[in-house]
Amino acid sequence: MSETAIYQRTEKLTCPHCGKMDSKVIDSRPDQIHGQYRRRRQCEHCKSRYMTVEIVVAKITTTSRKAAS
């Protein structure tokens, strides 16, 4: 069984300091209890760092079966 997370971005992710949309993820940590991901990001434009918390909206569980021969 495998689980695939579906992410929904409700608004555009912008730097809180300069307002640009160019950022890269420096560190990512899953929080299994609350279903969140905490990510440290760095703005490519002004080089400031900030943290985002992303929430998993839904999980899809899939099962694969072997074909009978």
**OP:** Determine how large the accessible area of His34 is when every protein chain is in place; take a 1.4 Å probe and give Å² rounded to the nearest 10.
**Re:** 120
**OP:** Can you send over the carbon and sulfur percentage of the accessible area for region 11-53, probe radius 1.4 Å, protein chains only?
**Re:** 46
**OP:** Calculate the spin-label point distance for Thr62 paired with Arg38, positioning each point 7 Å from the Cα along the beta-carbon direction, and give it in nanometres.
**Re:** 3.1
**OP:** Please give the net charge around Lys24, taking every other residue with its beta carbon less than 13 angstrom from that of Lys24, where Lys and Arg add +1 and Asp and Glu add -1.
**Re:** +3
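The values are calculated or read from the model by the stated rules, or taken from the named source; none is laboratory data. Everything numeric here is computed off the predicted structure, so don't read it as measured data. Quick reminder, even Gly has a Cβ in these numbers, built from the backbone with ideal geometry, and neighbours come from all protein chains shown. Note: areas computed on protein heavy atoms with side chains; ligands, DNA, RNA excluded. Shrake-Rupley method; radii C 1.70, N 1.55, O 1.52, S 1.80 Å.
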